[in-house]
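Just so it is clear, none of the values below were taken in a lab; they were calculated from the coordinates. Note that the coordinates shown come from a computational prediction; the quantities given were computed from them, not determined experimentally. Every residue, glycine among them, receives a Cβ derived from its backbone with ideal geometry; neighbour counts consider all protein chains shown.
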Amino acid sequence: MSLFISGGTPLCGEIAVHGAKNSVLPVLAATILHPGISVIENCPDLSDVHSAISILRHLGCRVQREGTRVTVDATELCCCNIPDSLMREMRSSVIFLGAILARAGCAEMYFPGGCELGNRPIDLHLSALRELGAVIEEEGGRICCNAPSLVAREINLCFPSVGATENIMLAASRAAGVTRIRNAAREPEIEDLARFLRSMGISVHGAGGSVIEVECSQKTKDPMFSVMPDRIVAATYLIGVAMTGGEALVTKLVPEQIAPITSLLRESGCNVTVEKDRIFLKATKTLRPCQTVRTMPYPGFPTDAQAPMMAYATQCDGTSIFVENIFDNRYRHVCELIRLGANIKVEGRVAVVEGKNELHGARVSATDLRGGAALVLAALCAEGESRIDEVCHIDRGYESIESNFSKLGAKIVRREG
């Protein structure tokens, strides 16, 4: 399937943000910790969520979905291994390691798949689990873990890795004592996981800060939880409205979570009005360039918004500079943007965008999730029709992207080529 987009129409109207991919995946993994029923509300309909549900079912959980509600019954686990075929479907599959190890005392899986964004080792995950008492062997792409009894430790991360922080939090829920994580990731999704664990009866303190404490709990209760809105999806909508010269109200979001993006949009001339859980944006006729955008761990500019913002920079009147500090191969979308007429030069971790280009329709391919979103945004500004292939990447994190942009007036359809 491909997306076909006819550009040139300003995005206008109102749209709501769906649940966060990067929150719901660790929450689904965390349901394994509770030998009972967990109810998850505001669960987005994404291919990565489908993959997570397939893993849960493989492990023996009973999973039902009704609209945005997912019910997981993890009373009985029939196995503690995840086959290579399921691990390859998404990068976040590694988050099941800490949960399975905590529940079963052993775990076996393969190195995960997902978007190819360069070197993303899971060494921090494995070394932290070893500190908690796990014995881990790596052999031919397979990870075998044993930990009949986990013991709490103070773990100092050399980098505030989101995935490693989450895996430690999950494993620590069954590690005797109080585990303290220093230099923990501060992303809102970490706070959301902490809220879910607390709704299950597990004591977690400090999430959202650089030090998190998790106290072992052998008794849990049936949690009912609602997933936070997706801040990157919210940013994508706002960027799309701004670069097409439209005006729209984006609802069901947390404004402070996307402050680095709205700050840049304001600086470039857009009128941005923030309310409790919504943002109204009205574009300006001439967009000023983004100056220098440096991706950083939260609360800095998110790496996941770098590609959409780069598409935005093509419509700014001047030069914008991007410095990617998180991943070493996150400019794969640049070649595809150039096919659409963008003027971008890359050297190492730095990309220079000469804006105010006349983009034109072309056939391009989504290279990864956020790069695919950037291509959609660029195509919405391009003259003529564009075709975007490899939509499967986009479906990992955007719920029916064509339907949602159509609500704002975009001329976008999905069909076979």
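Residues are listed down the side, and each one gets a yes or a no for (1) free of Cβ contacts under 8 Å to residues at least 24 places away in the same chain; (2) buried (at least 19 other Cβ atoms within 10 Å of the Cβ); (3) in contact with a strand residue (DSSP E or B) (Cβ under 9 Å, 6 or more places away or on another chain); (4) more than 18 Å from residue 225 (Cα to Cα):
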position: 41; (1), (2), (3), (4): no, no, yes, no
position: 44; (1), (2), (3), (4): no, yes, yes, no
position: 48; (1), (2), (3), (4): no, yes, no, yes
position: 53; (1), (2), (3), (4): no, no, yes, no
position: 58; (1), (2), (3), (4): no, no, yes, yes
position: 68; (1), (2), (3), (4): no, no, yes, no
position: 74; (1), (2), (3), (4): no, yes, yes, no
position: 77; (1), (2), (3), (4): no, no, no, yes
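State yes or no: is residue 24 part of a helix (DSSP H, G or I) and either out of contact with any Lys or Arg (no Cβ under 9 Å at 6 or more places or on another chain) or touching a residue at least 24 places away in the same chain (Cβ under 8 Å) (or both)? Considered against the rule, which asks whether it is part of a helix (DSSP H, G or I) and either out of contact with any Lys or Arg (no Cβ under 9 Å at 6 or more places or on another chain) or touching a residue at least 24 places away in the same chain (Cβ under 8 Å) (or both), residue 24 comes out as yes.
Do the conditions hold for residue 277, that is, is it surrounded by fewer than 16 Cβ atoms within 10 Å (Cβ to Cβ) and within 19 Å of residue 359 (Cβ to Cβ)? I'd like the intermediate steps shown before the answer.
Values: surrounded by fewer than 16 Cβ atoms within 10 Å (Cβ to Cβ): yes; within 19 Å of residue 359 (Cβ to Cβ): no.
So residue 277 does not fit the description; no.
As a summary of the residue check, residue 276 satisfies the conditions (1) part of a loop (DSSP other than H, G, I, E, B); (2) in contact with a Lys or Arg (Cβ under 6 Å, 6 or more places away or on another chain) except for the one numbered (2). The single condition among (1) surrounded by 24 or more Cβ atoms within 10 Å (Cβ to Cβ); (2) more than 18 Å from residue 226 (Cβ to Cβ) that residue 24 does not meet is (2).
Residues are listed down the side, and each one gets a yes or a no for (1) assigned to a helix (DSSP H, G or I); (2) hydrophobic (A, V, I, L, M, F, W, C); (3) crowded, with 24+ Cβ neighbours inside 10 Å:
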site	(1), (2), (3)
332	no, no, no
352	no, yes, no
356	no, no, no
367	no, no, yes
371	yes, no, yes
376	yes, yes, yes
380	yes, yes, yes
403	yes, no, no
412	no, yes, no
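Consider residue 305 carefully, then state whether it is buried (at least 24 other Cβ atoms within 10 Å of the Cβ), closer than 21 Å to residue 162 by Cβ and not acidic (Asp, Glu). Yes; evaluated as a whole, the condition is true for this residue.
Say we look at segment 191-213 and pick out the residues that are without any contact (Cβ under 8 Å) to a residue 60 or more places away in the chain and in contact with a helix residue (DSSP H, G or I) (Cβ under 6 Å, 6 or more places away or on another chain); which of these is surrounded by the most Cβ atoms within 10 Å (Cβ to Cβ)? Before the answer, list the steps.
Let us first name the residues in segment 191-213 that are without any contact (Cβ under 8 Å) to a residue 60 or more places away in the chain, namely 191, 194-195, 198-199, 201, 203-213.
Subsequent filtering for residues that are in contact with a helix residue (DSSP H, G or I) (Cβ under 6 Å, 6 or more places away or on another chain) retains 204, 207-208.
Numbers: 204: 23, 207: 26, 208: 16.
Among those residues, the one meeting the criterion is 207.
Check segment 242-249 and report whether any residue there is touching a Pro at 6+ places or on another chain (Cβ under 6 Å) and surrounded by fewer than 18 Cβ atoms within 10 Å (Cβ to Cβ). No, every residue in segment 242-249 fails to be touching a Pro at 6+ places or on another chain (Cβ under 6 Å) and surrounded by fewer than 18 Cβ atoms within 10 Å (Cβ to Cβ).
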